[in-house]
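Here's the structure we're looking at; comments come further down.
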Amino acid sequence: MAAQVDQVAIEPASKGVAGTELDQALLEPAARPLPPSDLLQQVVEPAVRPDPLAQVDALDAEATARPDPPVALLATLIEVVWREPPPRGIFAFRHDWSQPWVERWEWKTQILRSRDGTESRIRLRRHPRRAVEMLVTAWDAGAIGLDAWLTGHQGREALFPVWPVARRVTANAAAGSTTVPLDAVTEPLMRAIQTEALDSWGQGPALIRAPDGDVQQVMVTGFDTAQKLANLTLPLARPVEAGSTFAPLVRGVIPDATTARRHCAAVTSQPVEIRLDERVWEWPFTPELTLESVPVIHDAEQWQPEPSIEYQARIERIDNRLGRPWIRRVDDRPSRILSRRWLAAGQSATNRLLGLFEYLAGRLNPVWLPDEFTGLALAQTAMAGDDYLLLRRARLPWHWEDPGLGLLIRPAGQPPVAVRISRLEAESETKARLLLADPLPVDVPVGTPVTPLHFARLDQDRVEFTWHTNEVLEVAARFMTLARCHPYLRGGGDIPF
């Protein structure tokens, strides 16, 4: 009796089969546990490609879910066979760029701030947790395949293409070729491949997607930056035509179920959330300008300010009586929160912006943040070695009395210069005299624009990176200004400023 129940109780995920044919059908591992000897052969789920075991076992590097040409819509789905257990799938659906690709970084830091402005910061997480939100739009049978893939792989580790760093194939590559020509070999592409190759003998996975939807997975051993080629471990199983997309694959998990938005009977939009593995590549950061070993954000063309400033002051309640409660301020000066929104276009600008937030590490590392709202200019020419500047402005902001401010000078035709402000010596209705902590390094002509710099740290442990296209990145963040007249503790060590 138990044997009969075992034959009819489980329905294959791909199609309904009569009871006499159940033993010949491929069953999902989640529906029916298989012996360990069968797990090496059970590499393709029936919802993806119901092939006999003999054909599945003959596959070496991939198994493409492409049925007959009339129903080529299922070509958006692919399962890859990894020779090292366990088998991993590939989420080969294209991102719908009608909605942006959103990537979240979540750090975890602990902050203690005393009444005199001194802060103690501790990093509680070595690398930020990273997650991706993408949108997949499928038609007819493709929507069914998407639903089947999400149902079978939710909570399981899989490989996901990183579409924002994908490149285009510039020329046709014949079957059997071991190289693929690309339009450019960028640093993010190489880092993504190398990071995923840590436990794969120097071979990183990548996905090639043709314009007609055909996909195949390859293993990359390296790149030829001069010739703009990707070197493959095994020859191509099928030809690759010009215009195809070459995207790196990274490990990730779909943690929770998502809700599909059905536009009509044949079109379905599916938002997918992916939690990436912690081994995702890191973005390098080399500051072009520093002030006292702290990076200065001086490229004004790469960010747009938001006209919003918040003030924070710690207040301790002593008596909560309704008549007249007693309150007392704990800190000597309030902290100001500055909102900033960056918009970077191009590979170099996006890499520099991502490297900046990689350096910030949440609320751990400080930067000098420009205040573009204050339009200032030199009232007279300043020579190299001068210890003061004469500025032309009706009235300077009150916060310039803070001895921790800096100044960004942008001479025409020369690199920007950052200096420290000692104090505000004199002020009139038309001019102001600022004393510098160090002598001026270069000559600055009259009329040169200058910008105040705030010493600040990131005020949030979560930042969202919005990719509108693969080369247009938008980031919104909040920064908290810090006083420079007190020592700061970072990571358990004293760093006096």
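Given R₀ = 30 Å, what would the calculated FRET efficiency be for R433 paired with E292, taking r from the Cβ atoms and rounding to 0.05?
Details: r = 23 Å, r/R0 = 0.76.
Once rounded, the FRET efficiency stands at 0.85.
Please report F246, F285 as a ranked list, fewest other C-beta atoms within 10 angstrom at the top and most at the bottom. Kindly include the intermediate steps, with their values, before the conclusion.
Values: F246 22, F285 17.
Going from sparsest to densest Cβ surroundings: F285, F246.
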Restricting to Cα pairs under 8 Å and 6 or more apart, the percent relative contact order of the range 157-256 works out to 43 percent
In units of 2.2 N^0.38 Å, what is the alpha-carbon radius of gyration of the range 119-160? 1.92
Going by average Cβ neighbours within 10 Å, how do the peptides 189-196, 275-282 rank, with the highest at the top? 189-196, 275-282
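Laboratory data are not the source of any read-out in this text; all were calculated from the coordinates shown. Since the structure is predicted, the reported quantities are computational estimates derived from the model, not experimental observations. With ideal geometry, Cβ positions are generated from the backbone for all residues, glycine too; neighbour counts draw on all protein chains shown.
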